[in-house]
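Note sheet for the following structure.
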Amino acid sequence: MITDKLMPIETTHMCSHLQKKLFQPDGDYYPIWQAMQDDDTLTAVVRSRPLHLYRNGKKILVLAGKAQPKIIREDKIQEFSLRSYSLPSSLRNWVC
């Protein structure tokens, strides 16, 4: 289990690729990990290897190790995570 600052995440069933992307300072999702620590409205749950992120109880994003992130709802957290990925055209010009 990783418990950095405030947000504990059970890593037992998390994909090892995702762990590297999320917890290592040079990882693609590390900025999300940092943002999660400072945002009380975000929660994260590992479900069947990928990480599901929720804001106020509503799913916003699914992060997987090898697959591209799956955007469920537009949210400001995406500015931290999706810079290097090709976004759907409906979200490319999204500003928080």
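The values are calculated or read from the model by the stated rules, or taken from the named source; none is laboratory data. The model shown is predicted, which means the values in this text are computed figures rather than measured ones. Using ideal geometry, Cβ is built from the backbone for each residue, glycine included, and neighbour counts are taken over all protein chains shown. Areas reflect the complete protein model, heavy atoms only, side chains present, ligands, DNA and RNA absent. Shrake-Rupley method; radii C 1.70, N 1.55, O 1.52, S 1.80 Å.
Among the criteria (1) open to solvent by 60 Å² or more (accessible area, probe 1.4 Å); (2) not in a strand (DSSP E or B), the one P31 does not fulfil is (1).
Each residue in region 20-35 was checked for being in contact (Cβ under 8 Å) with a residue 40 or more places away in the chain and hydrophobic (A, V, I, L, M, F, W, C), and 3 of them qualify. Every condition in (1) out of contact with any Lys or Arg (no Cβ under 9 Å at 6 or more places or on another chain); (2) open to solvent by 90 Å² or more (accessible area, probe 1.4 Å) holds for K21 except the one numbered (2).
Screening region 45-66 for residues that are over 12 Å from M14 (Cα atoms) and among the aliphatic types (A, V, I, L, M) and picking the one that is surrounded by the most Cβ atoms within 10 Å (Cβ to Cβ) gives L61.
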